[in-house]
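A.B. asks: Please find one structure pasted underneath; my questions will follow.
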Amino acid sequence: MQNPPNWKRAANRRVALSRLLSLLLISGITGVNYFFFVLYHYPLWVTIPFLVAYFLLGYLGMTYFWSSFFGLYVALKKNDPYNPRLSAKDLGPDTRVAILAPVYHEDPRRFGAALGAMWEDLRKHQEAHHFDFFVLSDSRRIDSVVQEEAIVELLQERYPDGRFVYRNRRVNSHAKQGNISDFLRRWGSDYQYMLMLDADSIVPGDTIVEMARILEGNDRIGIVQGNLSMVFRKTLYARISRYISALTLKLGLYGQYFTQMGHAYYYGHNAMLRVQPFLDHCGLPILEESGPFQSGKPLSHDYVEAALLSGAGYEIWTLPELETYEELPTNFTDDMQREMRWMVGSMMYLRVFLMRRIHPTYKLRLFTSAINYFSPILGWIFFFLALFGLRYIFAHPLIARAIIEKYWFVFVFSLGFLVVSILVRWLLPTIYYHKARKLHAFGGFVKSTFSYVLYTLYGLLMGPILMAQLTKMLFFWSRGKKIHWGNQNRDDTSLSWSDAWNSYSWMTAIGLAFLWLVWNWVFSLDTPMVQTELGLPKWDLLFWYIPLLGGLIFAPVIARFFSLEHPLVERLGWFTSPTDVESPFVLERTLSLIEEFEREVPPTYGFIQAIHDPKFFFSRLHHIHRRPHKEAFWLARLKGKSLQDLSERERHVVYSAFGLWRFFHEQEHGIGSD
């Protein structure tokens with residue numbers, strides 16, 4: 001084992017390089033935009049504010065552009081002296097690690113199967129006895145609670161060598177944050193580290209052990225996380241998302257690693273945290289409602305927690321070579337529902353990013369995460385300015401042609417950068433996976449390349465739809481729409497025609513209005529004489545409006561089409577991702593356990609079935625505390641009622657009271673009660 005050198009000095013140099021390159025590139029692109037504003041004959045009072053906003057937001061995009069190049073460099077580099085894995089060491093005899101699965105009305109068969117598969121993979125390691133599993137439920141529906149407890153009991157029976165604990169909170173205040181806080185108050189002092197999961201997370205045993213060894217070997221690391229690979233879902237929307245994520249994400253994370261190193265992002269799950277620093281430094285403020293900002297703790301709390309830990313002197317690392325898995329939304333509607341929660345959570349960063357406890361790097365990160373959501377507004381402004389500018393060109397073709405002929409290289413640069421930015425996202429990952437001999441996992445070079453071409457066309461259609469939806473979300477946020485972090489739809493769900501039309505017909509209306517505006521107000525000036533003077537046929541210019549107008553006009557059709565499964569696409573090998581070709585044990589075992597658990601605890605299993613099930617009844621009876629006064633109070637009110645007559649609240653009371661649980665079991669079976 002060796003201690004890696006101090007990474008902060010190297011990170012500062014790398015950040016300076018990234019900022020310099022980004023500054024140079026965005027300056028050039030902003031200059032190109034200035035040229036077009038001159039061409040469109042806009043006054044300075046319009047030009048300057050737009051270009052300033054474009055420069056600030058575009059600068060962030062340029063950092064992502066250069067990040068791909070840095071990522072390729074790091075990924076191909078054989079030895080990295082700064083990697084914290086170099087200081088990893090075996091777990092001490094007293095080290096305990098809690099694996100936390102917070103759930104809220106999730107499918108218990110799915111998360112139970114994942115935990116079972118993770119334990120089977122984990123127990124292959126000699127360190128397995130250091131790890132305990134906790135299912136932390138915030139579910140309120142009694143049937144969900146019963147199914148969750150039944151699944152955990154199955155895990156306990158199937159894996160007597162593991163430890164699986166179930167807890168359902170009576171009061172689920174502050175959502176997931178409150179759930180984790182409840183765990184820390186009850187069990188936090190028993191554990192040095194905790195692995196944070198989502199309900200759809202799957203983490204291989206190798207990754208779990210390595211994360212723990214990294215934290216064990218360096219007491220300044222507060223969080224370590226790995227690569228997030230999307231799995232399982234099969235709609236075309238999900239398949240394309242899985243493909244592009246698998247192709248580009250790892251290299252992007254390597255690029256972040258190059259510049260951020262121990263100041264990485266924290267995504268809130270599939271990460272291992274040091275418990276005591278989290279307890280000491282990650283208490284989140286409870287905010288009062290103010291304007292569009294809703295009250296409560298920050299919804300997107302993960303970034304804030306990382307910022308607080310970093311401010312306390314702890315390091316946050318993302319190591320792309322550590323594989324983890326999660327599922328993803330299967331249609332555009334579900335994806336945007338999740339994005340709405342993220343957006344509202346990100347806007348709350350504007351109220352906390354100036355806290356003294358937050359490291360300066362994270363102050364900037366929280367701020368930019370919020371203002372990024374204003375980018376669609378800039379996009380619409382640019383669209384209308386370009387549209388009005390094109391009308392000016394058609395009205396003054398000779399002036400426009402003189403400027404174009406004199407500054408033709410600006411057009412070449414603009415088009416060239418567009419092509420390069422599209423190609424880089426495909427070329428650099430392709431080089432990496434070719435060097436790593438893993439290109440076959442994407443179907444080979446030809447299929448991967450063709451898939452990327454199709455993805456580019458898909459992106460041109462989805463871009464305006466996404467921009468319109470984000471603008472709508474921003475409008476709702478500005479009106480103070482309240483968001484609550486509920487459960488997510490994780491199944492392969494297709495949109496019906498009615499759902500698609502009801503959700504996106506407003507985009508069709510806007511697209512048709514834009515089409516009328518473009519054709520009748522702008523291109524009506526593009527007469528044959530104007531075309532001759534400009535040297536540009538009408539359709540050459542109109543072509544550039546097809547993706548924007550087509551995406552908006554056909555938004556319901558596009559949303560519906562991509563929400564469906566298309567077996568032909570799978571048979572042809574398009575949009576193939578590595579887990580389609582070589583699925584690791586932990587994923588295959590999760591799928592097989594789901595089938596087994598569906599037979600053991602079917603979706604129809606609930607409160608009534610549980611009280612008739614002798615096995616579950618006696619197991620539950622063993623875990624309920626006696627509360628004589630509470631039982632006497634409720635028994636007087638519930639006597640004479642059948643199980644079917646009980647309300648949801650009354651069923652919860654019966655489920656949590658020893659005497660009531662026993663009374664109704666005996667009543668259902670005609671057994672006399674003492």
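A.B. asks: Which residue, 552, 399, 269, has the largest displacement toward the positive end of the dipole of the chain when charges sit on each Cβ (Lys, Arg +1; Asp, Glu -1)?
C.D. replies: Farthest along the dipole direction, towards plus: 399.
A.B. asks: Now, a different point. Listed here are the pairs 176/363; 77/250; 78/438; 250/472; 78/250; which of them are more than 25 Å apart at the Cα? Before the final figure, lay out each step's value.
C.D. replies: Working: 176/363 23 Å; 77/250 14 Å; 78/438 17 Å; 250/472 31 Å; 78/250 16 Å.
Long pairs (Cα-Cα over 25 Å): 250/472.
A.B. asks: In sequence order, what are the phi-derived ³J(HN,Hα) couplings for the range 310-319 according to the Karplus relation 6.51 cos²θ - 1.76 cosθ + 1.60 with θ = phi - 60°, rounded to whole Hz, with x for glycine and proline?
C.D. replies: 5, x, 8, x, 9, 9, 10, 10, 10, 10
A.B. asks: Taking the Cα centroid of the range 572-610 and of the range 438-470, what is the distance between the two, rounded to the nearest whole Å?
C.D. replies: 27 Å
A.B. asks: Would you work out the relative contact order for the range 358-514, in percent, from Cα pairs under 8 angstrom that are 6 or more residues apart? Working shown, then result.
C.D. replies: Working: 21 pairs, mean separation 51.0, N = 157.
Across the range 358-514, relative contact order equals 32 percent.
A.B. asks: Something else about it: Just how large is the dipole of the chain about the Cα centre, in debye to the nearest 20, putting +1 at every Lys and Arg Cβ and -1 at every Asp and Glu Cβ? Mind showing how you got there, number by number?
C.D. replies: Numbers: 69 positive and 61 negative charges, 363 e Å.
Value, rounded to 20: 1740 debye.
A.B. asks: With bins 10 Å wide starting at 0, give me the P(r) of the chain over every alpha carbon pair, in whole percents.
C.D. replies: 3, 13, 22, 25, 19, 10, 6, 3, 1, 0, 0
A.B. asks: Related question: Pull out the extension gain between residue 434 and residue 141, defined as 0.36 nm times the separation in residues minus the alpha carbon to alpha carbon distance; nm, one decimal. Please list the in-between numbers first.
C.D. replies: Numbers: separation 293, 0.36 × 293 = 105.48 nm, distance 4.98 nm.
Here the answer is 100.5 nm.
A.B. asks: Could you tell me the relative contact order of the chain? Use alpha-carbon pairs under 8 Å, at least six residues apart, and round to a whole percent. Display every interim value, and only then the final one.
C.D. replies: Details: 940 pairs, mean separation 118.7, N = 674.
That works out to 18 percent.
A.B. asks: Whole number in Å², please: accessible area per residue of the range 308-379, 1.4 Å probe, ligands, DNA and RNA not counted.
C.D. replies: Values: 2380 Å² over 72 residues.
Using a 1.4 Å probe on heavy atoms only, each residue of the range 308-379 averages 33 Å².
A.B. asks: Continuing with the same structure: Could you order peptides 47-59, 171-183, 268-280 by the average number of other Cβ atoms within 10 Å of their residues, highest first?
C.D. replies: Working: 47-59: 16.1, 171-183: 18.1, 268-280: 21.1.
Sorting 47-59, 171-183, 268-280 by mean packing, highest first, produces 268-280, 171-183, 47-59.
A.B. asks: Out of the range 582-638, which GluC sites (Glu not before Pro) are coil in DSSP terms and have no more than 13 other C-beta atoms within 10 Å? Intermediate values should be presented prior to the final figure.
C.D. replies: Values: sites: 582, 588, 595, 596, 598, 600, 631; in loops: 582.
Sparse-neighbourhood loop GluC sites (Glu not before Pro): 582.
A.B. asks: Now, a different point. Compute the acute angle (0 to 90°) between the alpha-carbon long axis of helix 8-39 and the principal axis of greatest extent of the alpha-carbon atoms of the chain; round to the nearest 10°.
C.D. replies: 40 degrees
A.B. asks: Sticking with this structure for a sec: Using the per-residue mean of other Cβ atoms lying within 10 Å as a proxy for protection, in what order, highest first, do the peptides 110-123, 141-154, 384-397 fall?
C.D. replies: Packing proxy ranking, top to bottom: 110-123, 141-154, 384-397.
A.B. asks: Could I ask something else about it? In nm, what is the difference between 0.36 nm times the number of residues separating residue 76 and residue 457 and their Cα-Cα distance? Display every interim value, and only then the final one.
C.D. replies: Numbers: separation 381, 0.36 × 381 = 137.16 nm, distance 2.98 nm.
Value of the extension gain: 134.2 nm.
A.B. asks: Let me ask something else about it. For the chain, give me the percentage of DSSP beta bridges that are antiparallel, rounded to the nearest 5 percent. Each step should come with its number before you reach the end.
C.D. replies: Details: 10 of 36 bridges.
Percentage antiparallel, nearest 5: 30.
A.B. asks: What angle do you read, to the nearest 10 degrees and between 0 and 90, between the alpha-carbon axis of helix 375-395 and the longest principal axis of the chain?
C.D. replies: That works out to roughly 20 degrees.
A.B. asks: So how much slack lies between residue 407 and residue 427, counting 0.36 nm per residue of separation and subtracting their Cα-Cα distance, in nm?
C.D. replies: On the way: separation 20, 0.36 × 20 = 7.20 nm, distance 3.00 nm.
Between residue 407 and residue 427, full extension yields 4.2 nm more.
A.B. asks: Could you work out [θ]222 nm for the chain from helices alone, using -39500 (n - 2.57) per DSSP H run of at least four and dividing by all its residues? Round to the nearest 500 deg cm²/dmol.
C.D. replies: -19500 deg cm²/dmol
A.B. asks: At a 10 angstrom cut-off on C-beta neighbours, averaged per residue, how do the peptides 317-328, 499-510, 633-644 rank from highest to lowest? It would help to have the intermediate numbers written out before the result.
C.D. replies: Details: 317-328: 21.7, 499-510: 16.8, 633-644: 12.1.
Answer by packing, highest mean first, reads 317-328, 499-510, 633-644.
A.B. asks: Just how large is the dipole of the range 1-159 about the Cα centre, in debye to the nearest 20, putting +1 at every Lys and Arg Cβ and -1 at every Asp and Glu Cβ? Mind showing how you got there, number by number?
C.D. replies: On the way: 17 positive and 15 negative charges, 239 e Å.
Taking the Cα centre of the range 1-159 as origin, the dipole is about 1140 debye.
The values are calculated or read from the model by the stated rules, or taken from the named source; none is laboratory data. Keep in mind that this is a model prediction, so the values were computed, not measured. With ideal geometry, Cβ positions are generated from the backbone for all residues, glycine too; neighbour counts draw on all protein chains shown. The protein model used for the area step is the full one, side chains on, heavy atoms only, and it has no ligands, DNA or RNA in it. Shrake-Rupley method; radii C 1.70, N 1.55, O 1.52, S 1.80 Å.
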